[in-house]
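What follows is a set of notes on a single structure, which appears directly below.
The values are calculated or read from the model by the stated rules, or taken from the named source; none is laboratory data. Bear in mind the structure is a predicted one, so any value in this text is a computation, not a measurement. For neighbour counting, all protein chains shown are included, and Cβ atoms are generated from backbone atoms with ideal geometry for every residue, glycine included. Just so you know, the surface numbers come from the protein's heavy atoms only, side chains and all, with ligands and any DNA or RNA stripped out. Shrake-Rupley method; radii C 1.70, N 1.55, O 1.52, S 1.80 Å.
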Amino acid sequence: MAATEGDQFLKQATGRNTRGLLRVIILCLIAGAAVSSRLFSVIRFESIIHEFDPWFNFRATKYLVQNGFYSFWDWFDDRTWHPLGRVTGGTLYPGLMVTSGVIYHLLRFLTLPVDIRNICVLLAPAFSGLTALATYLLTSEMVTSPSAGLLAAAFMGITPGYISRSVAGSYDNEAIAIFLLVFTFFLWIKAVKNGSVFWGALTALFYGYMVSAWGGYVFITNLLPLHAFVLICMGRYSPRLYVSYTSWYALGTLASMQIPFVGFLPIRSSEHMSALGVFGLLQIVAFVEFVRVQLPSKQFQTLLRALVVLIFVVSFGGLVLLTVTGVIAPWTGRFYSLWDTGYAKIHIPIIASVSEHQPTAWPAFFFDLSMMIWLFPAGVYMCFRSLTDEQVFIVIYAVLASYFAGVMVRLMLTLTPIVCVASAIAFSQILDTYLDVKTPKAESNENGTSDPAKVAASAILPDSLRSTRNPLVGIYSYASKLTVVGASAVYLMLFVLHCTWVTSNAYSSPSVVLASRLPDGSQHIIDDYREAYYWLRQNTADNAKIMSWWDYGYQIGGMADRPTLVDNNTWNNTHIATVGKAMSSREEVSYPIMRQHEVDYVLVVFGGLLGYSGDDINKFLWMVRIAEGIWPDEVKERNFFTPRGEYRVDDEATPTMRNSLMYKMSYYNYNSLFPAGQAQDRVRGSRLPAEGPQLSTIEEAFTSENWIIRIYKVKDLDNFGRDHQSAGAFDKGHKKKRASKRKGARVLRVE
Amino acid sequence: MRWFQLLAASALPFLALAAKKPSGDRFNDNRSKALSSGAALKLDDQSYAQLTKAPRDYAVAVLLTALETRFGCTLCREFQPEWELLAKSWVKGDKNAQSRLLFGTLDFVDGKNTFQSLMLQTAPILLYFHPTVGPNAKADAQPVKFEFTQGPQTAEQIHQWISRQVPADVPKPAISRPINWLKIISVTTAILGVVTLFAVAAPYLVPVLQNRNLWAAFSLIAVLLFTSGHMFNHIRKVPYVSGDGKGGISYFAGGFSNQFGLESQIVAAMYGVLSFATISLALKVPRIKDARAQQFAVFLWSGVLLCMYSFLLSVFRMKNGGYTFWLPPF
C-alpha cells in the first residue's frame, strides 16, 4: 500500500530508485514481522524443540554436526525400531539437517559460536522471511501492479496457515520446504516467460533442493507437467515452453535421483509418470511444429495432429500396461488415498489414524486463512481476465491445491501460498482502482484509466470476461473512494488481528510443555513430559529398551536418549501392530511379547487426572485397530465396546478392556488418589470402578507430577520359575489354589 | 404312564426319519444338493437344526439374514450376491471336498425359531461351525460369529475370514468372479459414443469449450466447493441437516471440526457472495459510465461485503467459542 501511495508522489526522474528503496525497506519490514510473529513460543516458554517429528530432525542434526556428512549419509541407527534398527541415512530427507549444518558451520567460521539447538529452533522463522520474499517475486511475475507483490508477501508472512508449521521450534521439513516450493514456482514462471535454459536449470536446482527437503516435492513434480500440458491443450505451445520444461525435467530428475531415499523412484513410480509423459509429449509436439513450418499442406497437418494424439494414446496405454504388470510401482498408499478417499480407512489404518490426515471442515479453512478465503476466488477470477501463461498456472494450482487441502488438513500448507498470491491480486486491484487520485471527467470515455495496459489488453482480447467487456472508466466520487479504501483498511486490520490471535492461541504451544491458567490468572507450566524423559535418562541403563505407542518414539529418542521399539517414522506396520497387540492384550499375552523384544520399561500417557485429552486411552482404539489388521483372531475391536456400542472405562467397561495392559497401566493405583469409590477420570468424565486394576508382570517405576506420563518396569522372570500371577498371589499371602482335588483318592506309597 | 407311551409312539416316525439318513452321509447329501443348485443351501428351522447337529465331521458356514423388503435390512440384500458368489466358487472349486465345508443361508422368514433361540437382534450374522468329530475337530462346540459391524463386506473379505477358520493345510478355492460382460460392453459403447458425438459436434462444441467464462465459472465453483469443506462431507458422510431437539432445524453443527452438509453449502454461498462483491468492486464498478449509478453501486457492494463478512464472522464465533473479533451489524 505504501508503495502505491509512493507511486503518486514519486513520478519524477528519481522516482524509480526511491520506489526500489521503499520496496526493499517494506520487504525487510515484512520479513521482520514474519519472523517476530513466530516467536510467541520462545518468549512464553523457552527455546525448545516442539512436538514429535522435530525431535527426530533435531537428533539427526546433532548427529550430522558431530559426525560429519559422510557418516550421516551412512547412518544406521540401532537405537530405534529395536531389534530391527533403521537405515536412517537412506530413509530420510536430508535437506533440513544439511541446511542447519551448513548454517552452523558458517556461523562457526564467522566466529559466532551458536548452539545447534538455537539454529534448529529459529530456522523455520528465518526461512519464513525468505518465503515472504519468494512470494513477492512470484506475485510480481503474475501481474503488473507493483503493490500486489508486497501485499502477497505481507499475507504470506503472517497467515496462520503457514505459521502453523513454521513457528520457532517447529523444526520440521516444512520449515524450509514451503520457501523452496514458492521459490521453485517463481523460477519456473520465470523460465516459461523467458524460455531460457538458465532459469530452467535454476528451477531444476531448487527442485533438487526441494526433493532433498520434503516428500511434498511430488506436488511440484505433478503441477509443472500439468501446467505444460494445459498450455499445450490450449494451443499455446511455444519454443519457450519446450526449452524451459525439458531443461527442468532433465536436470531436475537427475538432481532428485541423488537423494538416496528417492533413488530410482522418478523413473519407476506412478507419481512421477506424468512428468515423464509430458516430457515425451513435448518432444512430439515440438517435432510436429517443426515439420508443420516446413510443409504447409493442410492434409499433412491434420495427419500430424492425428499422429500426436495416436502416439499419446499408445504411450498412455503402455504406461498403464507397465503399471499393471508391475514394472512401474503403482501409487503408494499415502498418495493414492488422496484420490480414493476411502482407501486409507480400510487398508492403511496407520495413515488414517494420524490427525493431520483427516479431511478439513470449513472452520479450519477460515481459521487458517481468514479474509483471504473469500478474496481467493476473486483473485482466481481476475486471472481469467488476460489469462497469460503464468496466470493459467495460478488457476491450475488453485483448483488442485484446494482439492488437496480439502482432503487432508495437512495439505493446507500447499494451498496457503496460492491463496496469498490470488488474494493479493484481488486486493491490490481494488486498492489500485480506488486509491487513484485522478478523477475521470463525467460523460467522457477515454481518460482517467489507472492502468492503460488493461485497456489495451481488453481491446486486444475480444473474448474477454463478461465483467470486463466495457471500457474502463475509473471512479468518479471521493465518497466512494473513501468508503472502499476505509473498508479495506478495516478488513486488513482485522486480518492482522485475526492472524495474531490465531498464532498466539493455537499454534504457539510446544506440546511438549503444556500451559494452564491458575485461578488468579497467572500461567502455570505443566512439564510432565520432560520430567519423565529426564527421569528415564538419569535412572535407567543406557540401552534400556522403552516400549510406548509410536507417537512418543521420537521424543524418547531425542530427550531420553533411550532405544525405542517403534517411532513416528512408521515404516514397519507389523512392528507397530506388535506393540499395539502388547498394549491391548491381557498381561499373560503381553508379557511374552515384551520379553521377546527385550523391553525394559513401558511408557504410557494418561490424562485422566488433569483432563488432558490427547492421552493413550483416547488413542487406544487405533492401537487395537492396527493390531487387529495383523492378528484379526487375537485382537478384536468389537470386544472393546460394550454391547450397546459404547467405548467406556468405568464399571461397564468390557472385560477385554479392563484386562488390557493399557487400561491397567493407565489406571493402576489411580483410585488411591481419591476417597474410596470416588475415583474420577476427567477426560472421559466417568467414575472408575471401586477396585483398581492389579498388575503382576510389570511394576510401577515412575509417575510424573500430574500423572501424564507413567512408566512401568517389566519384571524379570521369577526366581522360582513361577508365573508372575502366582508369585504375586504368594507374596500377598493368598493360599495357592489347590490343584489336588483332581488327584483322586490318596493311596499308600508302597515302594 | 399312558402319555409317555403316546409320546414315544409319536416320536417313532422321527426316529425312523433320522435312521433313514445315516449321520455320516449328511455331508455328502448336502454337498450334492449344493452342487446341483450351484449356490448356498437354503435352510429353514428344521434343516438348520439337522445340518448343525452335534456329532458332525464337517464344518458349516451359515449366513443368518433377513432378505425381505419389509425388514428393511439393506445390508442383508447388499451382501447376498457376494455370499452366493463365495458359496458357489467355494463349492465348485473344492472338487474333492477336502475342506469339508458347507454353506447355508437361513432367512428370517424360514427360521424364526432359530433366530429366537440364538437371541439374535440384528442381521446379517455369519456363523461358522467347526466340526465336532474328526481330525479338525475343535473342543469348543460354539460356532464362531462374524458380525457385520464394518458395513457391507465383499466376498473376498469373507473368504479371508473363512480361510482363517478352516485348517491351514486344506486348499482354499479362490473366488472366481464372473466377467461382467454387460459392464464392459456398455462402457465401451459409451466411450465410442462419446468420441463419435464429439467428432460430430466438434464445430459446435469447441467454441463452448474454449469459452473463458465457462472455465472461469467451473474453476470458481470447484474452488468454492473445496474450500467450504465439501470433501469433508464426502469422506465423513455427515448428515445434511439435523434437528435441534426442540422441533426446529439447526443449520450449524456445534464444534470446530464438525459440520453439516447444508452448513457447508451456506458457507460456500457466503464465500461466493463475498467474492462476487469483490469482483464487482474491482472490475465492474470502474466500468460504469454514469457517475450516480457508480456511486450507488459502490455503496451497494460495500454494504453487501460488510454485512456478509460480518455474518460470516458471527457464524465462525458460533463454531469457535473463544473467537473474539466481530464487525457490525451482526
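Rg then Dmax, both in Å and based on the Cα atoms of segment B:179-245: 19.4, 57. Here each label is just a point 7 Å from Cα along the line to Cβ, and for B:ILE179 and A:LEU621 those points are 4.4 nm apart. Put simply, chain B fits an ellipsoid with semi-axes of 66, 29, 17 Å; these come from the alpha carbon gyration tensor as the roots of five times its eigenvalues, largest first. May I ask which residue of A:ASN569, A:THR135, A:PRO377 lies farthest towards the positive end of the charge dipole of chain A, with charges of +1 (Lys, Arg) and -1 (Asp, Glu) on Cβ and the Cα centre as origin? After comparing all options, I get A:ASN569. Among beta bridges from DSSP that stay inside the protein assembly as shown, the antiparallel ones total about 65%.
Rounded to the nearest whole Hz, the Karplus-based 3J(HN,Hα) values (6.51 cos²θ - 1.76 cosθ + 1.60, θ = phi - 60°) of segment A:577-585 follow the sequence 5, 4, 5, x, 5, 4, 6, 9, 9, with x at glycine and proline.
Along chain A, the exposed loop sites are chymotrypsin sites (Phe, Trp or Tyr not before Pro) outside DSSP states H, G, I, E and B with at most 11 other Cβ atoms within 10 Å, and the longest stretch free of them is A:265-719. Dipole of segment B:25-165 computed with +1 at Lys/Arg Cβ and -1 at Asp/Glu Cβ about the Cα centre; of B:LEU86, B:THR149, B:ALA34, farthest Cα towards the positive end is B:ALA34. Modelled this way, with points 7 Å down the Cα-to-C-beta line, the labels at B:MET318 and B:LEU209 are 4.4 nm from one another.
When cysteine pairs in chain B are screened for C-beta atoms closer than 4.7 angstrom, the residues that find no partner are B:CYS307. Coordinate range of the alpha-carbon atoms in segment A:526-732 per principal axis, descending: 43, 40, 39 Å. Residues considered: B:ALA174, B:ALA217, B:ALA61. Largest GNM mean-square fluctuation over chain B, using C-alpha springs under 10 Å, is found at B:ALA217. Average projection, convex hull of the Cα set of chain A: 46.9 square nanometres. Take A:LEU205: with every protein chain present and a 1.4 Å probe, its accessible area is about 110 Å².
Solvent exposure of A:MET156, expressed as accessible area, is near 0 Å², computed with a probe of 1.4 Å over the protein chains only. Label sites at B:PHE325 and A:GLU691, each approximated as a point 7 angstrom past Cα along Cα to Cβ, lie 5.7 nm apart. Subtracting the Cα-Cα distance of A:LEU110 and A:ASN539 from their residue separation scaled by 0.36 nm leaves 150.5 nm.
For a straight C-alpha distance cut-off of 19 angstrom, the aspartates and glutamates reachable from B:LYS33 (same-chain residues fewer than eight places away being disregarded) are B:ASP25, B:ASP44, B:ASP45, B:ASP57, B:GLU84, B:ASP94, B:ASP107, B:ASP110.
So which of B:LYS92/B:LYS145; A:LYS193/A:LYS298; A:LYS664/A:LYS713; B:LYS92/B:LYS138; B:LYS92/B:LYS172; A:LYS545/A:LYS713 end up more than 19 Å apart by C-alpha?
On the way: B:LYS92/B:LYS145 24 Å; A:LYS193/A:LYS298 30 Å; A:LYS664/A:LYS713 14 Å; B:LYS92/B:LYS138 26 Å; B:LYS92/B:LYS172 11 Å; A:LYS545/A:LYS713 10 Å.
Table pairs above 19 Å Cα-Cα are B:LYS92/B:LYS145; A:LYS193/A:LYS298; B:LYS92/B:LYS138.
Using the Karplus relation 6.51 cos²θ - 1.76 cosθ + 1.60 with θ = phi - 60°, the per-residue 3J(HN,Hα) values for segment A:506-512 come to 9, 10, 10, 9, x, 6, 8 Hz, with x marking Gly and Pro.
When B:SER37, A:SER584, A:SER47 are compared by accessible area of protein heavy atoms, the largest-first order is B:SER37, A:SER47, A:SER584, using a 1.4 Å probe. Rounded to the nearest 20 debye, the dipole size of chain A about its Cα centre is 920 debye, using +1 on the Cβ of Lys and Arg and -1 on the Cβ of Asp and Glu. The mean accessible area for residues of the protein assembly as shown, using a 1.4 Å probe and ignoring ligands and nucleic acids, is 47 Å² per residue.
Quick check: from the Cα gyration tensor, does segment A:505-629 come out rounded (a/c under 1.5), prolate or oblate?
On the way: a/c = 2.10, a/b = 1.58, b/c = 1.33.
Note, shape of segment A:505-629 comes out prolate.
Projected onto its three principal axes, the C-alpha set of segment B:212-319 covers 53, 33, 21 Å, listed from the longest axis down. DSSP beta bridges confined to chain B are antiparallel in about 50 percent of cases. Ranking B:TYR48, B:CYS76, B:LEU64 by how far each Cα lies toward the positive end of the dipole of segment B:36-108 (charges on Cβ) leaves B:TYR48 at the top.
Each residue of segment A:514-527 was assigned a 3J(HN,Hα) from its phi angle through the Karplus expression (A = 6.51, B = -1.76, C = 1.60, θ = phi - 60°), giving 9, 10, 9, 9, 7, x, 7, x, 7, 8, 10, 8, 9, 10 Hz with x at Gly and Pro. Note on B:LYS289: aspartates and glutamates with a C-alpha under 12 Å away, same-chain residues under 8 apart excluded, are A:GLU443, A:GLU446.
Computed over protein heavy atoms with a 1.4 angstrom probe, the accessible surface ordering of B:LYS33, A:LYS619, largest first, is B:LYS33, A:LYS619. Estimated at 0.36 nm per residue, the fully extended path between A:LEU295 and A:ALA506 surpasses their Cα-Cα distance by 69.5 nm. For a straight C-alpha distance cut-off of 19 angstrom, the aspartates and glutamates reachable from A:LYS581 (same-chain residues fewer than eight places away being disregarded) are A:ASP551, A:ASP567, A:GLU598, A:ASP600, A:ASP615, A:ASP616, A:GLU628, A:ASP633, A:GLU634, A:GLU637.
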